[in-house]
Amino acid sequence: MTTLRTRIANTKLALAFSRWWSLTALFVSLAMLATAWSFQVFGGLNPCHLCLKQRDIYWIAVGVSAVCSVWALFTGAKGPPRVFSFVLFAVFATGTALAVFHAGVEWKWWPGPESCTAARGEISIDQMAAFLGGATTRGPQCDVAAWRMFGLSMAGYNAIASAILAILSLVASVRFRSPRRKKGHA
């Protein structure tokens, strides 16, 4: 009897989680974008090419989550269809892969895109004079971590956050059913 009640309580908790996951994913994605923007504006850490691609993932998640939440609200459904949560899983899994790639580029485990990898030389006086004369410069480099805490860069922390969001999205996409009572038992 206790086992059945525990299973029912766990199922209700899982149903509540899957019903509210799209709204939670929306707010978490917006918080991640706000955090990145804060590092840029207040911390002076301009994003590289791969950083901007990671932000694109969160913008996609915001779009999917918003559509999912609005759909559930206006249809009167008990929650969004599982497919939305699975799409969020795919989006966040892509974000995880991109963040791991970026972190690997920063650690020099593999080469990054040529469009955002730092040159391996020092700046000469001629290059400095050209810059002062109005020459264009390259933006922040993908293979140089602008900030680290406890050995992890922002890309590393983003990989962890995206992986957690992907796992939670996958859990939310699973259909939970109430356990059936056996005949003859109260």
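Key figures
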{"quantity": "Among residues of the stretch 19-51, those that are surrounded by fewer than 14 Cβ atoms within 10 Å (Cβ to Cβ) and part of a helix (DSSP H, G or I), counted", "calculated": "6"}
{"quantity": "Selection count where residues are at pLDDT below 85 and of a type in the set (Gly, Ala, Ser), scope the stretch 62-84", "calculated": "5"}
{"quantity": "Matching residues in the stretch 46-102 - criterion: being of a type in the set (Phe, Trp, Tyr) and closer than 20 Å to residue 167 by Cα", "calculated": "58, 59, 84, 86, 89, 92, 101"}
{"quantity": "Of residues in the stretch 146-159 being touching a residue at least 24 places away in the same chain (Cβ under 8 Å) and in a helix (DSSP H, G or I), the one surrounded by the fewest Cβ atoms within 10 Å (Cβ to Cβ)", "calculated": "156"}
{"quantity": "Selected residue (only one of 88, 132 is modelled with pLDDT of 70 or more, of a type outside the set (Val, Ile, Thr) and surrounded by 10 or more Cβ atoms within 10 Å (Cβ to Cβ))", "calculated": "88"}
{"quantity": "Residue 10 vs. criteria among the polar types (S, T, N, Q), surrounded by fewer than 15 Cβ atoms within 10 Å (Cβ to Cβ), closer than 30 Å to residue 112 by Cβ and modelled with pLDDT under 85", "calculated": "no"}
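Matching residues to (1) hydrophobic (A, V, I, L, M, F, W, C); (2) over 29 Å from residue 37 (Cβ atoms); (3) surrounded by 12 or more Cβ atoms within 10 Å (Cβ to Cβ); (4) modelled with pLDDT of 85 or more:
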residue: 107; (1), (2), (3), (4): yes, no, yes, no
residue: 113; (1), (2), (3), (4): no, no, yes, no
residue: 121; (1), (2), (3), (4): no, yes, no, no
residue: 127; (1), (2), (3), (4): no, yes, yes, no
residue: 136; (1), (2), (3), (4): no, no, no, no
residue: 139; (1), (2), (3), (4): no, no, yes, no
residue: 144; (1), (2), (3), (4): yes, no, yes, no
residue: 181; (1), (2), (3), (4): no, yes, no, no
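The values are calculated or read from the model by the stated rules, or taken from the named source; none is laboratory data. All figures in this text were calculated on a predicted structure; none of them were measured in a lab. Don't worry about glycine lacking a Cβ; one is built from the backbone with ideal geometry, like all the others, and counts go over all protein chains shown.
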